Amino acid sequence: MKAFATAIYVALLVCSAAGADLPQLFAKSEVGLADAELKVQRTVKGADGSLIVTAAAVAGKETVSFQVVIPAQWRSSVAKEVPIRLSTGTITLRSVGKDTEAFVRALATAYRQKIDRFEFTEVTLTAISLMGDPGRVVLVQRE
């Protein structure tokens with residue numbers, strides 16, 4: 001298995017229209033940059049107060065999906081020399097099965113990487129919020 005590393009900027013956009021079509025995963029990409037767009041399918045609060053977001057899109061004819069777990073606890077830094085308040089924490093990307101495997105394959109294809117075989121259940125990443133405190137997200141139910 002060939003390992004690869006890449007930076008992904010994923011915008012999770014909440015769409016209030018029930019049953020709206022999923023976006024094409026890399027429709028807004030530019031040459032050399034795979035800019036992924038996914039739709040939030042489900043949000044729930046975990047028992048520990050974390051926010052669990054399931055995001056999905058379409059890549060070719062396949063649905064791609066994964067979960068992002070955003071913890072309730074974040075560290076804030078306030079420094080006089082920095083004009084904004086940064087919050088740092090760890091998020092977890094979690095597999096939802098075959099749809100996540102399809103996401104990894106689509107990402108590898110977008111970055112021209114060859115993957116023969118992979119196992120992905122979850123990965124923990126360091127995250128920085130440039131605005132607001134991700135641990136204080138309030139879920140609003142839409143009808």
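The values are calculated or read from the model by the stated rules, or taken from the named source; none is laboratory data. Predicted model only: the values in this text are computed from it and were never measured. In this analysis, Cβ positions are derived from the backbone assuming ideal geometry, glycine residues included, and neighbour counts consider all displayed protein chains.
Residues being in contact with a Phe, Trp or Tyr (Cβ under 7 Å, 6 or more places away or on another chain) and within 14 Å of Ala57 (Cβ to Cβ): count how many of those fall in region 68-111.
5
Considering only region 102-117, I want to know if a residue exists there that is modelled with pLDDT of 85 or more and farther than 27 Å from Leu33 by Cβ.
Checked region 102-117: no residue is modelled with pLDDT of 85 or more and farther than 27 Å from Leu33 by Cβ.
Suppose we keep only residues that are polar (S, T, N, Q) and surrounded by 10 or more Cβ atoms within 10 Å (Cβ to Cβ) within region 120-143. Which one would you say is modelled with the lowest pLDDT?
Keep residues of region 120-143 that are polar (S, T, N, Q), which gives 121, 124, 126, 129, 141.
Imposing the further condition that a residue be surrounded by 10 or more Cβ atoms within 10 Å (Cβ to Cβ) reduces the set to 124, 129.
Values: Thr124: 94, Ser129: 85.
Among those residues, the one meeting the criterion is Ser129.
Among the aliphatic types (A, V, I, L, M), more than 28 Å from Asp133 (Cα to Cα) and in contact with a strand residue (DSSP E or B) (Cβ under 6 Å, 6 or more places away or on another chain): does that describe Ala102?
yes
Only residues that are out of contact with any strand residue (DSSP E or B) (no Cβ under 9 Å at 6 or more places or on another chain), at pLDDT below 70 and surrounded by fewer than 12 Cβ atoms within 10 Å (Cβ to Cβ): list them for region 4-58, please.
In the first step, residues of region 4-58 are kept if they are out of contact with any strand residue (DSSP E or B) (no Cβ under 9 Å at 6 or more places or on another chain); the result is 4-7, 16-19, 30-34, 47-49.
From the residues that got through so far, the ones that are at pLDDT below 70 too are 4-7, 16-19, 32.
Within region 4-58, Ala5, Thr6, Ala7, Ser16, Ala17, Ala18, Gly19, Gly32 qualify.
Would you mention how many residues in region 59-71 are in contact with a Pro (Cβ under 9 Å, 6 or more places away or on another chain) and either at positive phi or surrounded by fewer than 19 Cβ atoms within 10 Å (Cβ to Cβ) (or both)? Give the steps one after another, and end with the answer.
Kept after step one, since they are in contact with a Pro (Cβ under 9 Å, 6 or more places away or on another chain), are these residues of region 59-71: 70-71.
Then drop every residue that is not either at positive phi or surrounded by fewer than 19 Cβ atoms within 10 Å (Cβ to Cβ) (or both), which leaves 71.
Within region 59-71, residues that are in contact with a Pro (Cβ under 9 Å, 6 or more places away or on another chain) and either at positive phi or surrounded by fewer than 19 Cβ atoms within 10 Å (Cβ to Cβ) (or both) number 1.
Based on what the data block shows, is Ala110 of a type outside the set (Phe, Trp, Tyr), closer than 25 Å to Phe26 by Cα and in contact with a Pro (Cβ under 9 Å, 6 or more places away or on another chain)?
It is false that Ala110 is of a type outside the set (Phe, Trp, Tyr), closer than 25 Å to Phe26 by Cα and in contact with a Pro (Cβ under 9 Å, 6 or more places away or on another chain).
Considering only residues that are in a loop (DSSP other than H, G, I, E, B) and basic (Lys, Arg), which ones fall in region 34-79? Step through it out loud before you land on a result.
Step one: list which residues in region 34-79 are in a loop (DSSP other than H, G, I, E, B), which gives 34-35, 46-50, 60-61, 71-74, 78-79.
Scanning region 34-79 gives a single hit, Lys61.
How many residues are assigned to a loop (DSSP other than H, G, I, E, B), in contact (Cβ under 8 Å) with a residue 40 or more places away in the chain and surrounded by 13 or more Cβ atoms within 10 Å (Cβ to Cβ) when one looks only at region 86-117?
Selection size over region 86-117: 4.
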